[in-house]
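Trainee: First the structure, then my questions, so here it is.
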Ligand code: C5P
């Protein structure tokens, strides 16, 4: 039998190209307007040892009860018929505003429920977190509501130089939302304007709003990185999600690589990523889901 020995798939980080908070809702969440964009920075999943019983190896530093990837994967209704070892190799920085945990959860849903429709997957995803529904499909989307009402846009060809200041904010996302003051709220019009520009191929050259900027700038590391990135590049520096990741947008790869090396020379640890279109890499995920159920390769 021609069984595959090893299949690899990827799940992609996201950036928020602007994030406005309109106000607090009666369910405790906040109404937001943001553009979410998947980028080439990714976590890797490999499946191997097809003749072994099913097992899942998550990241070693994540406690078992908080390992969303493993918990979702093991919720597969047909887990008993699954085989082989699925291992998650984390590359996306954790609690960084890059949606790493949510991306892993979205991939796990695709693997656990391979026959579910996108709408069914998005409904399950929302129970796991506000940005998980977007990461089921990825690409580029204007997200409203909790971040779950998605209007998909065409994906621009952009590069990003990203720096994640090394700070640890316990319970970061709820804390950042709770720390919002009235002056941090806005009406969402700026981000909606950027969505229109992006969709019609216009370059983004102004700084993108982020409702958490005031709070994040209270951290020395964030302020220092922001200033250095701006001084070295001369470009606006943006914030992703509830931070602390910061990024600069560029329209070609060589400018991005050159900026990254100038930032490295100044002591930062930047990485370069490009935009990723919706459903990129989905075929590999489907192959992996089939293989772990013992289906031979076609
Ligand atoms: O949905 P998620 O698990 O990512 O949200 C974590 C926390 O962030 C929520 O419990 C809530 O306190 C806050 N949040 C919010 N409004 C949103 C998204 C998240 O208040 N739109």
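The values are calculated or read from the model by the stated rules, or taken from the named source; none is laboratory data. In this text, all values refer to a predicted model and were calculated from it rather than measured experimentally. Here the Cβ is made from the backbone with ideal geometry for all residues, glycine too, and neighbour counts use every protein chain on show.
Trainee: Hey, any hits in region 35-57 for a residue that's under 22 Å from residue 137 (Cβ atoms), within 16 Å of the ligand (Cβ to nearest atom) and either buried (at least 20 other Cβ atoms within 10 Å of the Cβ) or modelled with pLDDT of 95 or more (or both)?
Mentor: The answer is yes, given that some residue of region 35-57 is under 22 Å from residue 137 (Cβ atoms), within 16 Å of the ligand (Cβ to nearest atom) and either buried (at least 20 other Cβ atoms within 10 Å of the Cβ) or modelled with pLDDT of 95 or more (or both).
Trainee: Of all residues in region 157-184, which are assigned to a helix (DSSP H, G or I) and within 13 Å of the ligand (Cβ to nearest atom)? Full working, then the answer.
Mentor: Step one: of region 157-184, the residues assigned to a helix (DSSP H, G or I) are 172-178, 182-184.
Result: 172, 173, 174, 175, 176, 177, 178, 184.
Trainee: Sticking with this one: Can you tell me which residue is nearest to residue 114 (Cα to Cα) among those in region 46-60 that are assigned to a loop (DSSP other than H, G, I, E, B) and in contact (Cβ under 8 Å) with a residue 24 or more places away in the chain?
Mentor: Of everything passing the filter in region 46-60, 54 is nearest to residue 114 (Cα to Cα).
Trainee: Looking at the structure I just gave you, is residue 274 in contact with a strand residue (DSSP E or B) (Cβ under 9 Å, 6 or more places away or on another chain), under 24 Å from residue 136 (Cβ atoms) and surrounded by fewer than 20 Cβ atoms within 10 Å (Cβ to Cβ)? Full working, then the answer.
Mentor: On the way: in contact with a strand residue (DSSP E or B) (Cβ under 9 Å, 6 or more places away or on another chain): yes; under 24 Å from residue 136 (Cβ atoms): yes; surrounded by fewer than 20 Cβ atoms within 10 Å (Cβ to Cβ): yes.
Against the criterion (in contact with a strand residue (DSSP E or B) (Cβ under 9 Å, 6 or more places away or on another chain), under 24 Å from residue 136 (Cβ atoms) and surrounded by fewer than 20 Cβ atoms within 10 Å (Cβ to Cβ)), residue 274 qualifies.
Trainee: Scan region 131-150 for residues that are within 12 Å of residue 118 (Cα to Cα) and more than 11 Å from the ligand (Cβ to nearest atom) and report the count.
Mentor: Final tally of qualifying residues: 5.
Trainee: Still on this structure, please answer the following. Quickly run through region 105-128 and pick out the residues that are touching a residue at least 60 places away in the same chain (Cβ under 8 Å), within 16 Å of the ligand (Cβ to nearest atom) and surrounded by fewer than 24 Cβ atoms within 10 Å (Cβ to Cβ).
Mentor: Listed by number, the list holds a single entry, 128.
Trainee: Against the definition (away from the ligand (no atom under 15 Å from the Cβ), under 26 Å from residue 40 (Cα atoms) and part of a loop (DSSP other than H, G, I, E, B)), how does residue 187 come out, yes or no? Outline the logic, then answer.
Mentor: Numbers: away from the ligand (no atom under 15 Å from the Cβ): yes; under 26 Å from residue 40 (Cα atoms): no; part of a loop (DSSP other than H, G, I, E, B): yes.
For residue 187, the condition - away from the ligand (no atom under 15 Å from the Cβ), under 26 Å from residue 40 (Cα atoms) and part of a loop (DSSP other than H, G, I, E, B) - is not met.
Trainee: In region 277-296, is there at least one residue being in a loop (DSSP other than H, G, I, E, B), more than 29 Å from residue 109 (Cα to Cα) and at pLDDT 95 or above? Full working, then the answer.
Mentor: Quick first cut of region 277-296, residues in a loop (DSSP other than H, G, I, E, B) only: 277-281, 292-296.
Add one more test, that the residue is more than 29 Å from residue 109 (Cα to Cα), and what stays is none.
So far as region 277-296 goes, no, none of its residues is in a loop (DSSP other than H, G, I, E, B), more than 29 Å from residue 109 (Cα to Cα) and at pLDDT 95 or above.
Trainee: Let me ask something additional. Just to be sure I understand, how many residues within region 59-104 are surrounded by fewer than 17 Cβ atoms within 10 Å (Cβ to Cβ), in contact with a helix residue (DSSP H, G or I) (Cβ under 7 Å, 6 or more places away or on another chain) and within 24 Å of residue 296 (Cα to Cα)?
Mentor: Residues flagged as surrounded by fewer than 17 Cβ atoms within 10 Å (Cβ to Cβ), in contact with a helix residue (DSSP H, G or I) (Cβ under 7 Å, 6 or more places away or on another chain) and within 24 Å of residue 296 (Cα to Cα) within region 59-104 amount to 1.
Trainee: Also: Filter region 1-19 for residues that are over 16 Å from residue 210 (Cα atoms) and at pLDDT 95 or above; which is nearest to the ligand (Cβ to nearest atom)? Steps first, answer last, please.
Mentor: Restricting attention to region 1-19, the residues satisfying the condition of being over 16 Å from residue 210 (Cα atoms) are 1-13.
Right, trim to at pLDDT 95 or above and you get 7-13.
Values: 7: 30, 8: 27, 9: 23, 10: 22, 11: 16, 12: 17, 13: 15 Å.
That would be 13.
Trainee: Here is a follow-up. Closer than 22 Å to residue 249 by Cβ, within 16 Å of the ligand (Cβ to nearest atom) and touching a residue at least 40 places away in the same chain (Cβ under 8 Å), is that true of residue 154?
Mentor: When the stated conditions are applied, residue 154 does not pass them.
Every residue, every condition in (1) out of contact with any helix residue (DSSP H, G or I) (no Cβ under 6 Å at 6 or more places or on another chain); (2) over 12 Å from residue 17 (Cα atoms); (3) outside any helix (DSSP H, G or I), yes or no:
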residue	(1), (2), (3)
203	yes, yes, yes
227	yes, yes, no
259	no, yes, no
264	yes, yes, no
273	yes, yes, yes
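Trainee: Additional query: Does residue 24 fit the bill of being surrounded by fewer than 21 Cβ atoms within 10 Å (Cβ to Cβ) and closer than 30 Å to residue 199 by Cα?
Mentor: Spelling it out, residue 24 is indeed surrounded by fewer than 21 Cβ atoms within 10 Å (Cβ to Cβ) and closer than 30 Å to residue 199 by Cα.
Trainee: A further question on this structure: Any residue at all in region 20-31 that is in contact with a strand residue (DSSP E or B) (Cβ under 8 Å, 6 or more places away or on another chain) and more than 16 Å from the ligand (Cβ to nearest atom)?
Mentor: Scanning region 20-31 turns up no residue that is in contact with a strand residue (DSSP E or B) (Cβ under 8 Å, 6 or more places away or on another chain) and more than 16 Å from the ligand (Cβ to nearest atom).
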